[in-house]
1. Other chains' Cβ within 10 Å of B:111-119 residues: what's the mean?
2. Taking 32 Å as the cut-off for C-alpha to C-alpha distance, list the pairs among A:Lys134/B:Lys139; A:Lys150/B:Lys274; A:Lys55/B:Lys274 that go past it.
3. Give me the inter-chain shielding for B:88-95: mean count of other chain Cβ atoms within 10 Å, whole number please.
4. If I take the Cα coordinates of segment A:13-82 and project them onto the principal axes, what are the three extents in Å, biggest first?
Amino acid sequence: MKKIALIFFCLMATTLFAKPFKKGTTVYIAVKIAEIKKSESNYSEVIGAAAYGRKFIVLESNEKRTQVQLADDKTRIGWVSTGSLTKKKVFNTNDKMASTTLDEISISGKGFSEEAENAYKTSNKNLNYEEVDKIEKIEVFEKELLSFVKEGNLKLGTE
Amino acid sequence: MKKIFKIAIITLLTSFFGSCATLTNTLEFVGDVANSTGMEEIGSVAKAGASISKATESITPENEYYIGRAVAATLLTNYKTFENSSEELYLNLICKVLTENSSNSEMFNGYHVKMLDTNEVNAFSTSGGHIFITKGMLKCAEDEDSLAAVIAHEIAHIQLKHSLKAIKASRWTNALKQTATAVVSVAGNAELANDMNDMVGDVFTEMVQNGYSKEQEFDSDTLALTLMADSGYNPNKMYKMLEMLEKIQNGNTGVYKTHPSPQERIKNIDNSIKKVKIPENTESFREKRFYFFTKIEG
């Protein structure tokens, strides 16, 4: 068991960090909603948002931020955080703008999703999903974060 | 000693493989190389790792999120939450600073910190990004940087996917087999619900009953040091928290059977902290607000 752990740890360690992507790579949004900013800076204006599974092409990338171009509309360009992207195709059945085939929709059903959770809730009525939903609504606003960092003399990004 | 060098060389060679999607290929490659060069032990271990990896590779960020929600919903049947919106915001701000400075992949729906209403000294985290800290644990922190140490440790467990690793590989392959049909029917979802139940069970056994392995605890402490330093927090405050935990536990290893003692964790940190760049000391800037936000704890 220890050997497996050792090999796993060594290899996992190298795959842990969000590495910059090569120019031209196809990437997908790997978070529920990703903010798209005008420029590379942490303090830049937000110009849009992209849902889980949306497809982009990489124009420029570093460890923290990546400039992307919407695969379906090359005029739409912006910056997202590198950690919100993945090369592995992910499907979002809720994203009506995502170009998916029937096969892809069926694959997206694999594993756990909202539907599976609903079935789980039905057979386990004592679970406290209400509280989980409340917890996920806790929000930290950008302005609050920036002043918290400034007043506490902490760091934010590479700036 | 020789074997360790061989493992190290293989690891170095394979460390050029960047993406998680190639982990299976990497392990299979390592397995083939090892087998062909007479290191059968490593070969069979790598091959075993490849099949575990194959199963876990199909887990999407969304899957991880829903598993995490199930774990959180279950945990919250055992614990009551503690409501104090300003202290809660404070903890979430600290969490946000730590994660914004991290270069690791983001969580599907972000991170959220919630306090639990118990004097038990404990903290939990899920693959859904939920971090729970008890009132008892919060009372142990003397300053913001110590609080950051606790939160950073939980963030590390999440980023290192420790709760997911507790889930038996066979559960994933079962779940994926069941959704092979084109349309996921209601019956299909009921099967998945059973799988979810088993998976949550696996996570609970590890997280709540046995505790994570020593290696996992050490890895989380090590990563936490970097998360803290990158945000401007003093990583040395990790020592403070562990010394406090030791005082409370009075030499017992507490509830957990495999949990390392604070002394063992301190030893590990002594090693890991050498590789961390300690930021300039700015703790005085955070003193006042710590007292303001945590005054309820007194």
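Since every read-out is calculated from the coordinates, none of them should be taken as a lab result. From a predicted model like this one, the values you see are computed outputs, not experimental measurements. So basically every Cβ, Gly included, is an ideal-geometry build from the backbone, and we count neighbours across all protein chains shown.
1. Average neighbour count from other chains, rounded to a whole number: 2.
2. Violating the 32 Å limit, Cα to Cα: A:Lys55/B:Lys274.
3. What the average comes to for B:88-95 is 4.
4. 35, 27, 23
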